[in-house]
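S.K.: Here it is: the structure, laid out below.
The values are calculated or read from the model by the stated rules, or taken from the named source; none is laboratory data. If you're wondering where the values come from, they're calculated on a predicted model, not measured in any experiment. Note that each Cβ is placed from the backbone with ideal geometry, even for glycine, and that neighbours are counted across all protein chains shown. Side chains are part of the model used for accessible areas, which takes the heavy atoms of the whole protein and leaves out ligands, DNA and RNA. Shrake-Rupley method; radii C 1.70, N 1.55, O 1.52, S 1.80 Å.
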Amino acid sequence: RLDYDTAGLAVRDNDSNTGGVGGRAWLDADGNGEREDAEPLLAGVPVALLDENGDVAQTTTTGTDGAYSFTGLDTNRYYQVMFSAAPGWDALFTGQYAGLTFDRDSDADPNGVTGRFRPPVEGVLPDIDGGFRQYIQTPA
């Protein structure tokens with residue numbers, strides 16, 4: 001798994017600084033693992049922030065633009081993001097890290113969970129995205 005803090009995104013100290021994370025959920029219509037401009041962004045997707053123990057720390061849903069965010073996170077702790085299907089929907093995830101660029105690939109594994117990361121000090125890690133290969137409503 002990728003630890004984003006090792007990519008040189010922020011200099012850390014032991015102070016209790018805060019940061020955030022955000023990203024988008026989208027339908028990977030061509031299945032290549034990379035978000036293209038023509039691919040639809042998904043609204044109403046449940047997103048959970050997991051703490052170092054894998055417990056749910058916060059939850060939200062994506063907005064009409066497919067975006068979500070979590071702020072006020074301790075930059076000295078590790079987190080993961082978990083995407084899931086809304087009630088009444090089925091989902092399959094596209095390939096993790098399959099895209100050519102960090103800001104347009106899917107960070108979710110086949111279970112919808114990203115790699116561990118630490119948020120940047122006084123900033124937001126903006127591209128922790130979830131690409132869905134399939135997102136369809138199930139019959140009632």
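S.K.: Return the Rg/Rh ratio of the stretch 38-116 with Cα-based radii and a Kirkwood Rh.
M.R.: 0.95
S.K.: At a 1.4 Å probe, what is the % contribution of carbon and sulfur to the accessible area of the chain?
M.R.: Carbon with sulfur: 48 percent of the solvent-accessible area.
S.K.: Now, a different point. At what distance in nm do the modelled label points of D37 and T71 sit from each other, each positioned 7 Å from its Cα along Cα→Cβ?
M.R.: 2.9 nm
S.K.: Related question: Rounded to the nearest 0.05, what FRET efficiency is calculated for D90 and A29 with R0 set to 25 Å and r the Cβ-Cβ distance?
M.R.: 0.95
S.K.: Could you check which residue among L49, L125, L100 shows the biggest mean-square fluctuation in a GNM of the chain with a 10 Å Cα cutoff?
M.R.: The residue with the greatest mean-square fluctuation here is L100.
S.K.: With the calculation restricted to Cα positions, what are the radius of gyration and Dmax of the chain in angstrom?
M.R.: Rg and Dmax of the chain, Cα atoms, are 14.6, 52 Å.
S.K.: What does the extension gain come out to for T18 and Q137, with contour length at 0.36 nm per residue minus their alpha carbon separation?
M.R.: Residue separation times 0.36 nm, minus the Cα-Cα distance, leaves 39.1 nm.
S.K.: If you scale each eigenvalue of the Cα gyration tensor by 5 and take the root, what three semi-axes come out for the stretch 83-140, rounded to whole angstrom and sorted largest first?
M.R.: 25, 13, 9
S.K.: Right, another one. Accessible area per residue, 1.4 Å probe, Å², for the chain: what's the number? Please report the intermediate quantities before stating the final value.
M.R.: Values: 7010 Å² over 140 residues.
Dividing the accessible area of the chain by its residue count gives 50 Å².
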